[in-house]
Structure formats: C-alpha cells, structure tokens
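Colleague: Pasting a structure here, questions to come.
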Amino acid sequence: MITIRPVDPADFDAVAHLTVDTYVGGGFVSESSNYVARLRDTAARADQAEVVVAELNGEVVGSVTIAEPGTPFADVAGTGELEFRMLAVAPTARGKGAGSALVRHVLDEAYDRGLHAVVISTEPEMVDARRIYDRYEFVPSPERDWEPMPGTPLTVLVREIA
C-alpha cells in the first residue's frame, strides 16, 4: 500500500537521488544541465515549497514538489491555483500507484485549500506521467506553454477543481 507523507530531512538524499535519476536517467534533462542542481536540492525545495513522498513498504519510492503562486518553485501557477513539479517515481514502483497517489494528493490539497485548479508543466516525451495526468483529466492550456530555456518546450496542463 502506498503512503503519502511530508518529506523528512532524513529523506532528502533519497529524494534527491530519485528525482535526478528520474529526470536525467529518463532522458528528460541533460546531465550537464544547471537544472540538475535544482533537482538534487531537496532541502531548498522543502524550505521554499512543499515536498511529499510516496512510501511503499517503508521505502521512499516517489516524491513531488507542491508550490503556491508567487513562490520560488511556482513557474506557471496563478491566483487560485496550486502547481506541482518534479514528480518522480522509482522504476521499481512504477505501475504500483505511487505516481497516481502523489497526483491525487496534490488534487486533494488544492480542494482542501479552496483553490480552483492544479497546474503542471510537462514535456511531451514524459509519456508515463502523461498517462496519469490524462487519467485525472488534466487538459492542455496551450496559451500558457513556455520554454525555461531555448529548445526545451514545456506543455502546461490544467485540472479544474470542482
């Protein structure tokens, strides 16, 4: 059974390795990119946003960073929206519900906070993650698509909260 909980400082190294492995190992971020340091810095993410982890049998197998508009980790969230970033799931836990549980947690957080939407920036090549976003009815918002650096187009997806 997957358990979602706030990150603990004792988890920082595991989350850092998991996130870098997911993004660099998955071919989404170049090993030489400056972004790798940001992916690795779990302590900064936990200080400036919210980081939650997915546990399976006592092992951290996933994590996600949740950011409110106007904070350092919110790139596209506007008023009334919650943004999530850096969704990462260990290869050994894929298909076991960790990614879905993390996304569901973000949606529940937005609902509990009375917000009207959840947003995410994603790459078209992130097909496993896109399956989760499709299942939770995230829809493209093409007018919000952007490039954090030239040649890295990101698609913005939005999920309205009822």
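Colleague: Counting Lys and Arg as +1 and Asp and Glu as -1, what is the net charge of the other residues whose Cβ lies under 11 Å from the Cβ of Ala46?
Modeller: -4
Colleague: What is the chain's relative contact order, in percent, from Cα pairs under 8 angstrom and six or more apart in sequence?
Modeller: 19 percent
Colleague: Which value in nm describes the separation of the simple spin-label points at Asp134 and Ser33, placed 7 Å from the Cα toward the beta carbon?
Modeller: Each label point lies 7 Å from its Cα, and together they span 2.3 nm.
Colleague: Give the residues of segment 121-162 whose amide nitrogen is closer than 17 Å to a point set 7 Å from the Cα of Thr71 in the direction of its Cβ.
Modeller: Answer for segment 121-162: 121.
Colleague: For segment 27-162, give the percent of accessible area contributed by carbon and sulfur heavy atoms, probe 1.4 Å, rounded to a whole number.
Modeller: That fraction is 50 percent.
Colleague: Go through (1) 60, 37, 23; (2) 38, 37, 30; (3) 57, 25, 23 and flag the label whose value is the computed Cα extents along the principal axes in Å for this structure.
Modeller: Evaluating Cα extents along the principal axes in Å on these atoms matches (2).
Colleague: Using the heavy atoms of the protein chains alone and a 1.4 angstrom probe, what is the accessible area of segment 1-71 per residue in square angstrom?
Modeller: With the other protein chains kept in place, segment 1-71 gives 51 Å² per residue.
Colleague: Now for a separate question. Which value, in debye to the nearest 20, describes the size of the charge dipole of segment 41-162 about its Cα centre when Lys and Arg Cβ atoms bear +1, Asp and Glu Cβ atoms bear -1, and nothing else is charged?
Modeller: With only Lys, Arg, Asp and Glu charged at Cβ, the dipole is about 360 debye.
Colleague: Sticking with this structure for a sec: Which percent, nearest 5, of DSSP beta bridges in the chain are antiparallel?
Modeller: If I count the DSSP bridges inside the chain, around 90 percent turn out antiparallel.
Colleague: Now a separate question. Testing the spin-label approximation: label points 7 Å from Cα along Cα→Cβ at Ser141 and Thr92. State their distance in nm.
Modeller: Reported label-point gap for Ser141 and Thr92 is 3.7 nm.
Colleague: Using 0.36 nm per residue, how much length does the chain from Gln48 to Arg113 gain when fully extended, once their Cα-Cα distance is taken away?
Modeller: Residue separation times 0.36 nm, minus the Cα-Cα distance, leaves 21.6 nm.
Colleague: Are there trypsin sites (Lys or Arg not before Pro) in segment 101-152 that DSSP puts in a loop and that have at most 13 other Cβ atoms within 10 Å, and which ones?
Modeller: Loop-located and lightly packed - Arg113.
Colleague: What whole number of Å gives the distance from the Cα centroid of segment 106-162 to the Cα centroid of segment 1-58?
Modeller: Cα centroid of segment 1-58 versus Cα centroid of segment 106-162: 19 Å apart.
The values are calculated or read from the model by the stated rules, or taken from the named source; none is laboratory data. Keep in mind that this is a model prediction, so the values were computed, not measured. Because the Cβ atoms are built from the backbone with ideal geometry, glycine has one as well, and the counts that use them run over all protein chains shown. Areas reflect the complete protein model, heavy atoms only, side chains present, ligands, DNA and RNA absent. Shrake-Rupley method; radii C 1.70, N 1.55, O 1.52, S 1.80 Å.
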